[in-house]
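K.L.:
The structure's right below; bear with me while I get my questions together.
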Amino acid sequence: MNSTLTKAAGAVKILYTVTFPEAQAHYADIEMNIFGLNQNTLNLKMPVWTPGSYLVREFAKNIESFNATVNGKEIKAPKINKNTWHINTAGISALTVKYRVYCFEISVRTSFIDASHGFLSTSGLFIYPDKMLNSPSTIKIIPYKGWTTVSTSLEAVNGDQFTRHSPNFDILFDSPIEVGTQDVFGFDAAGVKYEVCMVGGGNYDKEQLKIDMAKIVEQETAVFGENPNKHYVFIVHNRQRGGGGLEHLSSTTLGASRDNYGNANGYRNFLSLVAHEHFHLWNVKRLRPVVLGPFDYDNENYTTDLWIAEGFTAYYQNLILRHAQIITPETYLSAVTGEINIIENQPGAKIQPLAEASFDAWIKSYRPNENSANTGISYYDKGAAVGMLLDLEIINDTKGKNSLDDVMKYMYSTYYKQKKRGYTDEEFKHGLEKFAGKKLDDFYKNYIYGLTPLDYNKYLAYAGYKAADEAADSNEPGLGIITTDVNGKKIVTGVQRGGAGWVDGINVNDELVAIDETPITDITTILDGKKVGDKISVSVVRDGLPVTLPVTLLRNTRFKYKVDSLPDVTPQQMVVRKKWLGLID
């Protein structure tokens, strides 16, 4: 940036005014007033992605009616590429830009507006001046009729909840805003004021949530040694069917099913989501791969370390519940079992290394297709499993003195607080080695950059456990396909690599009609009486035409692991177990 632009950026003031004249039609109207310009040209940009969600989403596609004026007179503001508008500003010190944004995509990472409320995902809503990301801005919200409340981590201006201030655009784009009639309650934990904003109703118990969410906050703060926030906001969108979350610097947005709080599994899953997204306020929002900040909002920001940023967070989401004594050891081990089964039943685990899964998140993770399970692995799932193995390795090697917690605290203190930058691949590896007390070259070669199957039993044995495949002795036949019912028709939605359907040509989108000319009525019984090696005739309808396929049945290779205790647990194994599971004598 040249000195002229630096001077201009330092003097610029930006005021956004957000109105909702047609909230029922899902629009936000934005007026952007820029003051203090001192340059010949100005480019205005809309981010193409939102941090934490690694996909180019092209937010500019939702903009319409863009125009710029000076003293009420319209000036030219041509669009010069997909997300940039160019304005000649010679002799202009202030200008006004107005545009509309269509907001009707339900997710934690995109804006949604209707007559009941407005969720403003700021990276997809606010245009920013190029090369002025450090500029502060003020956001004034004029609520739609009946809307009474604003929830966001942005600070209020002069106590006015409808006027908020952002120190720079990185913070603005990391601070979603909820406007409406949400149910708001709070609690204090780890010296921080927490606000919970519930949108859409639900059968939640506020008092129990306060207790359990506070336990999660305290436990996670203990991992890192400090809680860097003064104020933190949970924005929870309760829908008929909901899920997912997106982390932010001082807030998070969660999706939940409004009627699931009342059952044990649903409530536990919600707390697990809370633990996951809140853990991110350290891991990835502050302790981060070096390329993830300062952000490039125009392009993909590649890293091979999402298995740490997301995978370790996925590992901790249930471990935190265990260490906070919210779930039992048995429930925690059941979650570990589920993780193992997900990984081992995904053929893509043998195709895509973990580091590559991280790097390719931009083109694969958020764009799955019918063959994704055969070609890739989730850096969430396998990253969580790798985190578990490393945790057990460190606990065992240090005889219960250290754990992965110590690595996370050390890395946070060293890179975020002291060096004030992200870490490289090699630096995080050194951090792990520091607390394991040994080199992890082979571990990285095999499990991070290679395709060696994870040796669960080697590491689980440190804590006196084993993972056994309960289906190992089964010789049941299988087609190796996944189906769904569509208007009474059995439609193939997945074909497993190496299975009978894969080998003999059953396709996704085929309608299964008959086996050996017997019409299919119940998909669960179509192979009754069949055995491995049998040759059968599968009748399908493909693109409206009948097709008959000769298929040789192969063994159903689906794994069914269960984690159990070894019969004779040694004192050393019990030391590791107590440390790992947070067992209290």
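K.L.:
Could you say whether any residue in segment 58-66 is over 33 Å from the mean Cα position of the chain (by Cα) and either at pLDDT below 95 or surrounded by fewer than 16 Cβ atoms within 10 Å (Cβ to Cβ) (or both)? So that I can check it myself, show each step before the final result.
P.N.:
Taking segment 58-66 and keeping what is over 33 Å from the mean Cα position of the chain (by Cα), we get none.
No, every residue in segment 58-66 fails to be over 33 Å from the mean Cα position of the chain (by Cα) and either at pLDDT below 95 or surrounded by fewer than 16 Cβ atoms within 10 Å (Cβ to Cβ) (or both).
K.L.:
Also: Is it the case, given these coordinates, that G498 is farther than 25 Å from I343 by Cα and of a type in the set (G, A, S)?
P.N.:
Numbers: farther than 25 Å from I343 by Cα: no; of a type in the set (G, A, S): yes.
Against the criterion (farther than 25 Å from I343 by Cα and of a type in the set (G, A, S)), G498 does not qualify.
K.L.:
If you don't mind, another one. With respect to E31, is the statement that it is farther than 18 Å from S135 by Cα, of a type in the set (D, E), modelled with pLDDT of 95 or more and not assigned by TED's automatic domain parsing to the domain that holds F359 true?
P.N.:
Numbers: farther than 18 Å from S135 by Cα: no; of a type in the set (D, E): yes; modelled with pLDDT of 95 or more: yes; not assigned by TED's automatic domain parsing to the domain that holds F359: yes.
It is false that E31 is farther than 18 Å from S135 by Cα, of a type in the set (D, E), modelled with pLDDT of 95 or more and not assigned by TED's automatic domain parsing to the domain that holds F359.
K.L.:
So in segment 419-436, with the set limited to residues that are within 25 Å of the chain's Cα centre (by Cα) and over 21 Å from L354 (Cα atoms), which one is surrounded by the most Cβ atoms within 10 Å (Cβ to Cβ)?
P.N.:
Going through segment 419-436, the residues within 25 Å of the chain's Cα centre (by Cα) turn out to be 420-429, 431-432.
Subsequent filtering for residues that are over 21 Å from L354 (Cα atoms) retains 420-421.
Numbers: K420: 7, R421: 12.
Among those residues, the one meeting the criterion is R421.
K.L.:
Still on this structure, please answer the following. Return the only residue of Y99, Y144 being modelled with pLDDT of 95 or more, of a type in the set (S, T, Y) and part of a loop (DSSP other than H, G, I, E, B).
P.N.:
Numbers: Y99 fails: part of a loop (DSSP other than H, G, I, E, B).
So the residue among Y99, Y144 that is modelled with pLDDT of 95 or more, of a type in the set (S, T, Y) and part of a loop (DSSP other than H, G, I, E, B) is Y144.
K.L.:
Follow-up question, since we're still on this one. Can you tell me which residue is nearest to W49 (Cα to Cα) among those in segment 81-95 that are in contact (Cβ under 8 Å) with a residue 40 or more places away in the chain and surrounded by fewer than 18 Cβ atoms within 10 Å (Cβ to Cβ)?
P.N.:
Quick first cut of segment 81-95, residues in contact (Cβ under 8 Å) with a residue 40 or more places away in the chain only: 83-90, 92-95.
If we keep only those that are surrounded by fewer than 18 Cβ atoms within 10 Å (Cβ to Cβ) as well, we get 84, 86, 88, 90, 93-94.
Working: T84: 14, H86: 20, N88: 27, A90: 31, S93: 30, A94: 28 Å.
Selected residue: T84.
K.L.:
Out of the residues in segment 465-519 that are part of a loop (DSSP other than H, G, I, E, B) and over 19 Å from L554 (Cα atoms), which is nearest to the chain's Cα centre (by Cα)? Steps first, answer last, please.
P.N.:
Restricting attention to segment 465-519, the residues satisfying the condition of being part of a loop (DSSP other than H, G, I, E, B) are 470-476, 479-480, 487-488, 496-499, 505-510, 516-517.
Filter once more, keeping what is over 19 Å from L554 (Cα atoms): 487-488, 509-510, 517.
On the way: N487: 33, G488: 34, N509: 29, D510: 32, E517: 46 Å.
In this case the residue turns out to be N509.
K.L.:
Would you say S413 is outside any loop (DSSP other than H, G, I, E, B) and surrounded by fewer than 17 Cβ atoms within 10 Å (Cβ to Cβ)? Working first, answer last.
P.N.:
Values: outside any loop (DSSP other than H, G, I, E, B): yes; surrounded by fewer than 17 Cβ atoms within 10 Å (Cβ to Cβ): yes.
Judged against the criteria, S413 is a match.
K.L.:
Among the residues of segment 343-368 satisfying the criterion of being surrounded by fewer than 18 Cβ atoms within 10 Å (Cβ to Cβ) and β-branched (V, I, T), which is nearest to N283 (Cα to Cα)?
P.N.:
Once the filter is applied, the top-ranked residue is I363.
K.L.:
Next question. Residues in segment 257-273: is at least one assigned to a strand (DSSP E or B) and surrounded by fewer than 24 Cβ atoms within 10 Å (Cβ to Cβ)?
P.N.:
Keep residues of segment 257-273 that are assigned to a strand (DSSP E or B), which gives 257.
Restricting the remaining residues to those that are surrounded by fewer than 24 Cβ atoms within 10 Å (Cβ to Cβ) gives 257.
Yes, some residue in segment 257-273 is assigned to a strand (DSSP E or B) and surrounded by fewer than 24 Cβ atoms within 10 Å (Cβ to Cβ).
K.L.:
Right, something else. On the basis of being within 19 Å of S251 (Cβ to Cβ), of a type outside the set (F, W, Y), surrounded by 22 or more Cβ atoms within 10 Å (Cβ to Cβ) and touching a helix residue (DSSP H, G or I) at 6+ places or on another chain (Cβ under 7 Å), does S153 make the cut? Even if it seems obvious, please write down each step before you answer.
P.N.:
On the way: within 19 Å of S251 (Cβ to Cβ): yes; of a type outside the set (F, W, Y): yes; surrounded by 22 or more Cβ atoms within 10 Å (Cβ to Cβ): yes; touching a helix residue (DSSP H, G or I) at 6+ places or on another chain (Cβ under 7 Å): no.
Judged against the criteria, S153 is not a match.
K.L.:
Mind counting the residues in segment 392-410 that are out of contact with any Asp or Glu (no Cβ under 7 Å at 6 or more places or on another chain) and in a helix (DSSP H, G or I)? Before you say what the answer is, go through the steps one by one.
P.N.:
Kept after step one, since they are out of contact with any Asp or Glu (no Cβ under 7 Å at 6 or more places or on another chain), are these residues of segment 392-410: 392-402, 405-410.
If we keep only those that are in a helix (DSSP H, G or I) as well, we get 392-397, 405-410.
The total comes to 12.
Here is a yes/no grid of residues against (1) over 24 Å from the mean Cα position of the chain (by Cα); (2) assigned by TED's automatic domain parsing to the domain that holds I30; (3) over 26 Å from Q24 (Cα atoms):
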site	(1), (2), (3)
P129	yes, yes, yes
S135	yes, yes, yes
N158	yes, yes, yes
H165	yes, yes, yes
F173	no, yes, no
C197	no, no, no
N203	yes, no, yes
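K.L.:
Condition check: of a type outside the set (G, A, S) and either buried (at least 22 other Cβ atoms within 10 Å of the Cβ) or in a loop (DSSP other than H, G, I, E, B) (or both). Does Y315 satisfy that? Walk me through it before giving the result.
P.N.:
Details: of a type outside the set (G, A, S): yes; either buried (at least 22 other Cβ atoms within 10 Å of the Cβ) or in a loop (DSSP other than H, G, I, E, B) (or both): yes.
It is true that Y315 is of a type outside the set (G, A, S) and either buried (at least 22 other Cβ atoms within 10 Å of the Cβ) or in a loop (DSSP other than H, G, I, E, B) (or both).
K.L.:
Filter segment 211-221 down to residues that are without any contact (Cβ under 8 Å) to a residue 40 or more places away in the chain and either buried (at least 16 other Cβ atoms within 10 Å of the Cβ) or under 13 Å from L281 (Cα atoms) (or both), then give me how many there are.
P.N.:
Here is the first cut: in segment 211-221, the ones without any contact (Cβ under 8 Å) to a residue 40 or more places away in the chain are 211, 214, 221.
Right, trim to either buried (at least 16 other Cβ atoms within 10 Å of the Cβ) or under 13 Å from L281 (Cα atoms) (or both) and you get 214, 221.
Looking only at that region, the number is 2.
K.L.:
Here's another thing I want to ask about it. With (1) at pLDDT 95 or above; (2) surrounded by 15 or more Cβ atoms within 10 Å (Cβ to Cβ) as the list, and I526 as the residue in question, which single condition is left unmet?
P.N.:
Condition not satisfied by I526: (1).
K.L.:
Let me ask another. Being among the aliphatic types (A, V, I, L, M), at pLDDT 95 or above, surrounded by fewer than 16 Cβ atoms within 10 Å (Cβ to Cβ) and closer than 15 Å to Y128 by Cβ is the filter here; which residues of segment 1-28 pass it?
P.N.:
L15
K.L.:
With the requirement that a residue be without any contact (Cβ under 8 Å) to a residue 40 or more places away in the chain and either outside the structural domain of D528 (by TED's automatic domain parsing) or surrounded by 14 or more Cβ atoms within 10 Å (Cβ to Cβ) (or both), what does segment 474-491 give you?
P.N.:
Our first condition is that a residue be without any contact (Cβ under 8 Å) to a residue 40 or more places away in the chain; within segment 474-491, this holds for 481-482, 484-491.
The answer is I481, I482, K490, I491.
K.L.:
For segment 72-118, what are the residues that are more than 18 Å from T41 (Cα to Cα) and of a type in the set (F, W, Y)?
P.N.:
Of everything in segment 72-118, those that are more than 18 Å from T41 (Cα to Cα) and of a type in the set (F, W, Y) turn out to be Y99, Y102, F104, F112.
K.L.:
Of all residues being among the small types (G, A, S) and loosely packed, with under 15 Cβ neighbours inside 10 Å in segment 437-467, which is farthest from W502 (Cα to Cα)? Just the residue, please. So that I can check it myself, show each step before the final result.
P.N.:
Our first condition is that a residue be among the small types (G, A, S); within segment 437-467, this holds for 437, 450, 461, 463-464, 467.
Filter once more, so that each one left must be loosely packed, with under 15 Cβ neighbours inside 10 Å: 437, 450.
On the way: G437: 46, G450: 25 Å.
Once the filter is applied, the top-ranked residue is G437.
K.L.:
Going through segment 529-550 one residue at a time, which ones are without any contact (Cβ under 8 Å) to a residue 24 or more places away in the chain, assigned to a strand (DSSP E or B) and either touching an Asp or Glu at 6+ places or on another chain (Cβ under 6 Å) or surrounded by fewer than 10 Cβ atoms within 10 Å (Cβ to Cβ) (or both)?
P.N.:
Hits for segment 529-550 are I536, S537, L545.
K.L.:
Filter segment 78-96 for residues that are in a strand (DSSP E or B) and among the hydroxyl-bearing types (S, T, Y) and give the result.
P.N.:
Taking segment 78-96 first, the residues in a strand (DSSP E or B) are 79-81, 84-88, 94-96.
Correct list: T84, T96.
K.L.:
Being in a loop (DSSP other than H, G, I, E, B) and of a type outside the set (S, T, Y): is that true of K382 here?
P.N.:
On the way: in a loop (DSSP other than H, G, I, E, B): no; of a type outside the set (S, T, Y): yes.
In short, no.
The values are calculated or read from the model by the stated rules, or taken from the named source; none is laboratory data. Only a predicted model underlies this, so the values are computations on that prediction, with no experimental measurement involved. Glycine gets a Cβ as well: all are built from the backbone with ideal geometry, and neighbour counts include every protein chain shown.
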